[in-house]
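Only one structure is covered here, and it is reproduced in the block below.
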Amino acid sequence: MSFSFALAALLLKYIRDNLKTKTTMPEWDKKISLGIYINLGLLFASAIHGNVISVVFDVMGFLILAGLLYFIYKEEKLQQFKFLVIAIAPYLVVTFIGWMVKLISKSFYKDNDNLISSIETFSVLWGVGVWLVTRKQQKELSRVKEKALEEEQNNKVISAMKAQLEVQVAERTAELTKQKEELENTLHELKSTQAQLIQSEKMASLGELTAGIAHEIQNPLNFINNFSEVNNELIEEYRTEGTTMSEEDKESLLSDIVQNNEKIAYHGKRADAIVKGMLQHSRKSTGTKEPTDINALCDEYLRLAFHGLRAKDKSFNAKFISDFDPTVGKINVVAQDIGRVILNLINNAFYAVSEKLKQQIPGYEPTVTIKTNKQPATDGNRSMVIIRVIDNGNGIPKNIIDKIFQPFFTTKPTGQGTGLGLSLSYEIITQGHGGELKVETKENEGTTFIIMLPA
């Protein structure tokens, strides 16, 4: 039965290798290793034993192997090795029966020795066959379990990554939402600031107009006052001398009163038109286009701008020329918006000539000219009304010509310009009216701003 020690050692090693107890069950690994060494030691001892203790080793090997199989059968963690019990149990049963037969009748055992040896050989072959077949199945089963375990671990990793990604997506979404809110707030503040700056620019241009308006409105008021006083005198004359006056004198006097009233009405309407123009300039644009006399608009803003500058600086003087094409007529525009553009360009022109005047160039005469003309329609081109504001100032340097229509760009000293005038003018002409705003300039010779509006 020394074979039992070798078989027990092989069984223990097989279990140890398959379960990988060294890493998965360290507490079992020590015990299994000890069992392997004990069985190998007993195997060596049985190989050199004497006949006296032969039976002891046989019984010991039988009990160790039987106990090991029983332990495999009962232990839940070793359920996968039950096929070993099926493989080896017949060998133990045959061995045990052989012992019993030998004890009961040695002669029977001796007479049937070949049969018993054949049965024992068959039990060994059975065990080897079951071991080989089941071992192959176990390997396949082990591969399936490993694959399932690997898939489970992969699923856990994927689940963990998914959860992590969901957290990251949630955090990123929250961050983007916060950034969106901040951008919306910033955009709202920028729009509010832009609206305030635009209104500030409008009020600044209104302030420049105020002095010119006061000068313009004073003239019709003087006429109204003068003709009112004359009428009062004529009426008083009629009251005192009317009874003695001839019919011809009465008719002449009444005719003078009527003519004076007509002049009062005319100049009253003139003052009313100036006030309305001022109100149109100051109020928010409705964006409604109406037929507008471009020549009258240009003439009015040219005079208002000049008188406004004269009121602020008594030493300022410049020549201004108007050259209007009578065929221009009326075109559909937003009058207050176009008025702002013309006023801005004229003010810039007067500023340019006043700066050049300060250089005290001999023979220099500051001049601002405003021209209008109508360009007839040609093949592929529509009819256009062209307004030119021309000055003979210093011109615009080449290095800044591309920047003049950018918001907040200005060449004026701090506090004298917002840098919004030309950018707003460009927006009004191009976006509001579908026209063009261009500039032509020569350094030290002057600048021409060209407004092109669809007729």
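The values are calculated or read from the model by the stated rules, or taken from the named source; none is laboratory data. Quick caveat, the model's predicted, so the values are computed rather than measured. Cβ: placed from backbone, ideal geometry, glycine included. Neighbour counts: every protein chain shown.
Regarding the range 296-317, can at least one residue be identified that is outside any helix (DSSP H, G or I), closer than 30 Å to GLY363 by Cβ and at pLDDT 85 or above? No, there is no match, as no residue in the range 296-317 is outside any helix (DSSP H, G or I), closer than 30 Å to GLY363 by Cβ and at pLDDT 85 or above.
Here is a check on your reading of the model: is ILE104 out of contact with any Ser or Thr (no Cβ under 9 Å at 6 or more places or on another chain), surrounded by 12 or more Cβ atoms within 10 Å (Cβ to Cβ) and at pLDDT 70 or above? In short, no.
Within the bounds of the range 216-227, is there any residue that is modelled with pLDDT under 85, assigned to a helix (DSSP H, G or I) and β-branched (Val, Ile, Thr)? Among the residues of the range 216-227, at least one is modelled with pLDDT under 85, assigned to a helix (DSSP H, G or I) and β-branched (Val, Ile, Thr), which makes the answer yes. Screening THR327 on (1) of a type in the set (Val, Ile, Thr); (2) touching a residue at least 60 places away in the same chain (Cβ under 8 Å); (3) in a loop (DSSP other than H, G, I, E, B) shows it passes everything except condition (2).
Residues in the range 228-274 that are in a helix (DSSP H, G or I) and hydroxyl-bearing (Ser, Thr, Tyr): 6 in all.
Can you tell me which residue in the range 363-403 is surrounded by the fewest Cβ atoms within 10 Å (Cβ to Cβ), limited to those that are of a type in the set (Asp, Glu) and within 46 Å of the chain's Cα centre (by Cα)? For the range 363-403, the residue satisfying everything is ASP379. Inside the range 278-295, residues that are part of a helix (DSSP H, G or I) and at pLDDT below 80 make up a count of 5.
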